[in-house]
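Written below as structure tokens is the structure these notes are about.
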Amino acid sequence: MEYEKLDNGITVIVDNNQESLSTACVFQFFVGAKDEQNHRGVAHFLEHILFAGTTSKSKEEIRKLFQDNGCYFNASTNLLKTKFYIKTINEYFFNAFKILADVISNPLFDNNMIETEKKIIKDEILKNNENDINFYVEQQRTRIFRNTHLEKYVLGTIEDIDKITKEILQDFYYKNYVTGNLVIAFSGKITKTQALALVQHYIHLPMQHRENHNIENVLVTKDLTLIPKETQQATVCIFMQGYGAYNDSYFAYQLIVAIIGGNIYSRLFQKIREEMGLVYHIQTFTENYLTFGLWGISFSCEIGNVKKVLMAISQTLKEIIDKKLITDQELEQAKKDYKVSLITGLETSSSRANFLATQFWNKNYLTNIYQNVEMIEKVSIHQIRQVSQKLLKAIQMNVLIVGGDFQKEEFDFL
């Protein structure tokens, strides 16, 4: 694995595997909903409009060219980043790269296509809102992030999308789609020399070096949000304070969260599913940012069991602090699970390219693709117990319950 930062500010990462039958590429811009000023939803809208035509190709021609080259292509936008992906077999990759480079470098911003994409995005918003759980979880997250740049709904609202114009899209593009804001990661049968030649010849963006992107730390506070619904089952999502990628204890923290609820062998699953029979599934999750993180627990159960499950979760977390410390066996199993998940998840060229781009943004350097495995191996039981005490003693649960007709005082034990 090699990488180089060009004079214009673009960082190019190359994972050269001459035995690979496919090659993939990820364009990752450090721009997302957090960068929106007065126009919510514009970052995601721009992702759509780039594929809607270039100065030399129509939307239909772009799709036909990707199809002719057997190319998978897609894009995604979140709070922090926007990514564009391509993947195809080796003999077609260079052609596919040229198409994506044109999409990124030469957008047309045609008014007719902007109006068409508005309809598509509004339909996407409506479909997302119809999924009650995703909608309410997203709302809860924006409440946690209130008064920060992360207090954004990535898709925007119907009203937001209606207000977006060609001029707004162009302004956002020319301010943020600049060379210093871009990492391009290649994985597959491609050399560093070949990758650099492609980037230098076909990527034409304003030359501007990356500015410091300050993201406020978010402090999770105790809260309870109840969404009454006449259902037999309730869904619960708990957010808590976690660690960011820059924290020295980041890898110990990830292992602790996995031991608590990462799989069917975890403490929560064994206690609440296997012993108590209160849920079909319960799991932990993490949301990883640079200087802070969130972790949490999600589950669904019968309305009458919600309080029992929450009490069991609270008891389980307290036991880790007071009497049932994390064991050497649990730590070793969590390390194995992490390594298996990471390594098996990096078996394709597209997954490796995506991983490398993300890791570079998190750390601003790379040593090798399995750097995280090396860091996980170094975590000791002493560090695990030390970090778990610090993490769990400071817990403030931000709880969302969708379903039932509860009263807040019923959950005073939290």
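The values are calculated or read from the model by the stated rules, or taken from the named source; none is laboratory data. From a predicted model like this one, the values you see are computed outputs, not experimental measurements. Don't worry about glycine lacking a Cβ; one is built from the backbone with ideal geometry, like all the others, and counts go over all protein chains shown.
Mind telling me which of the residues 352, 385 ends up being of a type in the set (D, E, K, R), under 20 Å from the mean Cα position of the chain (by Cα) and over 23 Å from residue 291 (Cβ atoms)?
Of 352, 385, the one residue that is of a type in the set (D, E, K, R), under 20 Å from the mean Cα position of the chain (by Cα) and over 23 Å from residue 291 (Cβ atoms) is 352.
Being among the hydrophobic types (A, V, I, L, M, F, W, C), assigned to a helix (DSSP H, G or I) and within 21 Å of residue 380 (Cβ to Cβ) is the filter here; which residues of region 236-295 pass it?
Residues satisfying the conditions are 251, 252, 255, 256, 257, 258, 259, 260.
Restricting attention to region 345-360, and to residues there that are among the small types (Gly, Ala, Ser) and surrounded by fewer than 24 Cβ atoms within 10 Å (Cβ to Cβ), which single residue is modelled with the lowest pLDDT?
In this case the residue turns out to be 345.
Got a number for residues in region 315-329 being assigned to a helix (DSSP H, G or I) and surrounded by 15 or more Cβ atoms within 10 Å (Cβ to Cβ)?
Count: 4.
Do you know which residues across region 116-132 are assigned to a helix (DSSP H, G or I), farther than 22 Å from residue 64 by Cα and among the polar types (S, T, N, Q)?
Of everything in region 116-132, those that are assigned to a helix (DSSP H, G or I), farther than 22 Å from residue 64 by Cα and among the polar types (S, T, N, Q) turn out to be 128, 129.
Only one of (1) under 30 Å from residue 215 (Cα atoms); (2) assigned to a strand (DSSP E or B) is not met by residue 301, so which one is it?
The number of the failed condition is (1).
For residue 257, work out the one condition from (1) under 25 Å from the mean Cα position of the chain (by Cα); (2) within 30 Å of residue 409 (Cα to Cα); (3) in contact (Cβ under 8 Å) with a residue 40 or more places away in the chain it doesn't fulfil.
(3)
Run down 60, 117 and say which single residue is modelled with pLDDT of 95 or more, closer than 27 Å to residue 30 by Cβ and of a type in the set (D, E, K, R).
Every option except 117 fails the conditions.
What number goes with the only condition from (1) among the hydroxyl-bearing types (Ser, Thr, Tyr); (2) free of Cβ contacts under 8 Å to residues at least 40 places away in the same chain; (3) part of a helix (DSSP H, G or I) that residue 367 does not pass?
Only one criterion in (1) among the hydroxyl-bearing types (Ser, Thr, Tyr); (2) free of Cβ contacts under 8 Å to residues at least 40 places away in the same chain; (3) part of a helix (DSSP H, G or I) is unmet by residue 367, namely (3).
When the residues of region 234-249 are filtered to those that are farther than 22 Å from residue 149 by Cβ and at pLDDT 95 or above, which remaining residue is surrounded by the fewest Cβ atoms within 10 Å (Cβ to Cβ)? Quick ask: steps written out before the conclusion?
First, pick out the residues of region 234-249 that are farther than 22 Å from residue 149 by Cβ: 234-238, 248-249.
Of the ones still in play, those that are also at pLDDT 95 or above are 234-238, 249.
On the way: 234: 22, 235: 20, 236: 21, 237: 21, 238: 22, 249: 16.
Out of the qualifying residues, it is 249.
Against the conditions (1) within 24 Å of the chain's Cα centre (by Cα); (2) farther than 30 Å from residue 26 by Cα; (3) loosely packed, with under 14 Cβ neighbours inside 10 Å, where does residue 407 fall short? Just the number, please.
Just one mismatch for residue 407, condition (1).
Quick one: would you say residue 274 is touching a strand residue (DSSP E or B) at 6+ places or on another chain (Cβ under 6 Å) and of a type in the set (D, E, K, R)? Don't jump to the end; show me each part of the working.
Working: touching a strand residue (DSSP E or B) at 6+ places or on another chain (Cβ under 6 Å): no; of a type in the set (D, E, K, R): yes.
It is false that residue 274 is touching a strand residue (DSSP E or B) at 6+ places or on another chain (Cβ under 6 Å) and of a type in the set (D, E, K, R).
So which residues in region 126-161 are aliphatic (A, V, I, L, M), under 22 Å from residue 300 (Cα atoms) and surrounded by fewer than 16 Cβ atoms within 10 Å (Cβ to Cβ), if there are any at all?
133
Could you please find all residues in region 99-115 being surrounded by 15 or more Cβ atoms within 10 Å (Cβ to Cβ) and in a helix (DSSP H, G or I)?
99, 100, 101, 102, 103, 104, 105, 113, 114, listed by residue number.
Out of all the residues in region 375-383, is one or more under 21 Å from residue 189 (Cβ atoms) and out of contact with any strand residue (DSSP E or B) (no Cβ under 8 Å at 6 or more places or on another chain)?
No; the residues of region 375-383 include none that is under 21 Å from residue 189 (Cβ atoms) and out of contact with any strand residue (DSSP E or B) (no Cβ under 8 Å at 6 or more places or on another chain).
Take residue 392 and tell me if it is surrounded by 16 or more Cβ atoms within 10 Å (Cβ to Cβ), not β-branched (Val, Ile, Thr) and not in a helix (DSSP H, G or I).
For residue 392, the condition - surrounded by 16 or more Cβ atoms within 10 Å (Cβ to Cβ), not β-branched (Val, Ile, Thr) and not in a helix (DSSP H, G or I) - is not met.
For region 87-98, state whether one or more residues are under 25 Å from the mean Cα position of the chain (by Cα), within 29 Å of residue 149 (Cβ to Cβ) and among the charged types (D, E, K, R).
no
Rundown of residues vs (1) in a strand (DSSP E or B); (2) in contact (Cβ under 8 Å) with a residue 24 or more places away in the chain; (3) more than 25 Å from the chain's Cα centre (by Cα), yes/no style:
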| position | (1), (2), (3) |
| --- | --- |
| 14 | yes, yes, no |
| 18 | no, yes, yes |
| 26 | yes, yes, no |
| 31 | no, yes, no |
| 39 | no, yes, no |
| 45 | no, yes, no |
| 63 | no, no, yes |
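Is region 330-339 home to any residue that is over 27 Å from residue 392 (Cβ atoms), modelled with pLDDT of 95 or more, in the same structural domain as residue 229 (by TED's automatic domain parsing) and not in a loop (DSSP other than H, G, I, E, B)? Please lay out each step first, then the result.
So the first thing to find is which residues in region 330-339 are over 27 Å from residue 392 (Cβ atoms), and the list is none.
No, region 330-339 has no match at all.
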